[in-house]
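Structure record follows, encoded as structure tokens.
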Ligand SMILES: [Zn+2]
């Protein structure tokens, strides 16, 4: 009898205890013993954070307090979740498989700004419904794309809009802002954005100004005309009454690096005159790129090596390669033959001259990559065969070897047609100068990638989508010591939140939303490289999105805790 009672009492006690264990406590989550880097740039301090629902309700010494879930953050930095000011995650966030946005989330990034480079959809409400129905792993703040808007009204036509067309564009932007866009992006190096005059953009951006939104631009030129292009951004900010931002800020050609500091100073002068202008930058001194030759297309916009469009047998071979019924093996064989034919053509004096013309100049409608960017704008980043050339700029190699740059490129393309080059080479030293400015933010320019599988093989490409935030903390804080941890965190949290005028995110503060990264500042590390661009960063232990844990002990639990944040619900 006594035994039976004991069993019943113990069962009740266990039930009560486990109820207490999983439900009660003053907070839902209590983060204890962490080093709090609150996003303001102020010195870090030891403390605890209490979270209830999606909100930070207390911060300070919370010893003795209880919570349903306690995280011991001893030895770890606790910061606001990072806000990436410039991404193209709207590609992946809309695709099942990539919608977790794990390549960002696992770095501690909890909000990505989408719709950049003029490309963002203007259908904000529809996008929110779609994304949140399938779920997204991080928050997003969306920008309407000027290019998308112009394209929907005028197609790809190179002309001024009629007054009616201009009105139509403004109406679409107004609708997008009413639906919750945070501003407008432009991509003025691309069609159709490049066909728009400054005055046209100002007119459209005025609508954004009425809503207190931002104007962020992939400027008209990032090579020899960066200074002029930045003047345009400043003028648009001033005359449209918007906060202006230079996106993925850089000067991409070695011969023009000296203009970068001038451009930084130009932004400082504008700010002194009271114009709101800032910039974001990804933490790499190399831009995106591609292979040295595109065999199937002959030439993408930036591809350095090409043949004249109608030169045979290449035109005929490309036609064959576009046949979708071709097997992979046959496709491969044709590619090899193409390069063999190219080698033959290059040893023929007259054909070599014609190819050289195509590489150096191109045609008026389709200028060559070299005409646009110069040999000083290309950096070899992922060569498997000529590994000693990795990290070097084409014009520097030519100079070192005392040869003509075309002759060098012609030899490389035959030797290693898969060689990967960055289009756009920046100066790390100049980047560090920019980082010292109090208006510079970090970004990545990457997309949400499908969750990696064990069977995935290394892919050549730019690593920035997997690594930008972790790289800032590893390279520029821990190794190069250019930035303090507090300031780097500020550049990735409260500064972008300020630009967007996003209330209640970007700081660890009572009443703010619980978007939180907990990482080890001594080990956080970017693992992706140009040769193996998809590798998750490591060193982030916990990530909390809207008050819910998404990463625990460095592992992703499959949760989709993100939201498409609306400027109209900005509280
Ligand atoms: Zn861009």
* How do the helices (runs of 4 or more DSSP H) wholly within region 87-197 filter down when requiring 3 or more residues that are within 16 Å of the ligand (Cβ to nearest atom) and within 18 Å of residue 248 (Cα to Cα): which remain? -> none
* To do: For residue 438, indicate whether it is surrounded by 15 or more Cβ atoms within 10 Å (Cβ to Cβ), at pLDDT 95 or above and under 15 Å from residue 249 (Cα atoms).
  => no
* Evaluate region 126-133: report whether one residue or more is surrounded by fewer than 24 Cβ atoms within 10 Å (Cβ to Cβ), at pLDDT 95 or above and touching a strand residue (DSSP E or B) at 6+ places or on another chain (Cβ under 6 Å). => yes
* **Among the residues listed as 450, 417, the single one being out of contact with any strand residue (DSSP E or B) (no Cβ under 7 Å at 6 or more places or on another chain) and either under 30 Å from residue 137 (Cα atoms) or surrounded by 14 or more Cβ atoms within 10 Å (Cβ to Cβ) (or both)** => 450
* Asked: Condition test on residue 365, is it at pLDDT 95 or above and either outside the structural domain of residue 486 (by TED's automatic domain parsing) or closer than 24 Å to residue 256 by Cα (or both)?
  -> no
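Matching residues to (1) outside the structural domain of residue 365 (by TED's automatic domain parsing); (2) within 26 Å of residue 467 (Cα to Cα); (3) touching a helix residue (DSSP H, G or I) at 6+ places or on another chain (Cβ under 9 Å); (4) at pLDDT 95 or above:
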| site | (1), (2), (3), (4) |
| --- | --- |
| 227 | yes, no, yes, yes |
| 234 | yes, no, yes, yes |
| 239 | yes, no, yes, yes |
| 242 | yes, no, yes, yes |
| 249 | yes, yes, yes, yes |
| 259 | yes, no, yes, yes |
| 267 | yes, no, yes, yes |
| 271 | yes, no, no, yes |
| 295 | no, no, yes, no |
* **Checklist (1) surrounded by 24 or more Cβ atoms within 10 Å (Cβ to Cβ); (2) more than 23 Å from the chain's Cα centre (by Cα); (3) within 30 Å of residue 547 (Cβ to Cβ) applied to residue 143, failing item** => (2)
* Yes/no for residue 387 being in contact (Cβ under 8 Å) with a residue 40 or more places away in the chain and not assigned by TED's automatic domain parsing to the domain that holds residue 191 -> no
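The values are calculated or read from the model by the stated rules, or taken from the named source; none is laboratory data. As the structure is a computational prediction, the values presented were derived from the model and not from experiment. Cβ: placed from backbone, ideal geometry, glycine included. Neighbour counts: every protein chain shown.
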